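Colleague: Submitted below is the structure of interest, expressed as C-alpha cells.
Any read-out appearing in this document is the output of simple, stated calculations on the displayed coordinates, not a laboratory observation. Everything numeric here is computed off the predicted structure, so don't read it as measured data. As a convention, Cβ positions derive from the backbone with ideal geometry for all residues, glycine included, and neighbour counts pool all protein chains shown.
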Amino acid sequence: MDLMKSKNERRSKFRFAIQRDVRYKIAEDGVVVAAGSGQTINMGSSGVAFVTEQPLAPGGFVELSISWPMLLDETCRMRFIVFGRVLRCTGRKAVCTIDKYEFRTQARTFQPLATTRADRMLERWADGIRKENLKTNVARA
C-alpha cells in the first residue's frame with residue numbers, strides 16, 4: 001500500500017492506494033436503486049474512491065462491501081462494510097464518505113451479487129440519518 005498525498009492535495013488525511021473487490025448498493029428514498037461491483041482505488045479514514053459498473057448520482061446513500069486482505073484468526077475471510085454518501089462521480093469513478101463501518105465474516109464460496117438483502121440494513125441506516133436531519137432542522141426552526 002502506498003500513501004497518496006500530492007502537493008496540491010486539499011484533504012487533511014492520507015489516502016492509501018488499495019485495490020480490492022467491492023460490491024455496492026445505492027439507496028434513494030429508502031429504496032435500493034442501483035447495485036454492482038467494482039474495485040477500490042484508494043481509502044482513507046473518511047472516504048473511499050472506487051470504480052463502478054455505471055455512473056452513480058451524488059448524494060445517494062451507499063453501502064460498500066469490500067474484500068479485506070487480512071484473515072480473522074488466520075482462517076476466515078473478512079469483508080469491510082461501509083455506509084456513507086456518494087460525494088461525486090466522474091464517469092465510472094465514484095467517491096463516498098465513510099459515516100459508519102463494520103467488519104463481517106465472509107462466506108467460504110463466492111456468493112452472487114444480490115440486488116436486495118433480507119435485513120435491509122442500508123435502508124434502515126439511511127432512514128435513521130434522514131430522521132436525525134429532520135430533528136435537527138425542526139430544533140433549529
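Colleague: So who's got an amide H within less than 5 Å of the one on ARG85, skipping anything under 5 residues away but keeping other chains? H placed 1.01 Å off N, in plane.
Modeller: Under 5 Å from the amide H of ARG85 lie the amide H atoms of VAL62, THR97, ASP99, each far enough along the sequence or on another chain.
Colleague: With r defined as the distance between the Cβ atoms of THR105 and ASP127 and R0 fixed at 41 Å, what FRET efficiency is calculated, to the nearest 0.05? Before the final figure, lay out each step's value.
Modeller: Values: r = 26 Å, r/R0 = 0.63.
With R0 = 41 Å, the Cβ-Cβ based efficiency is 0.95.
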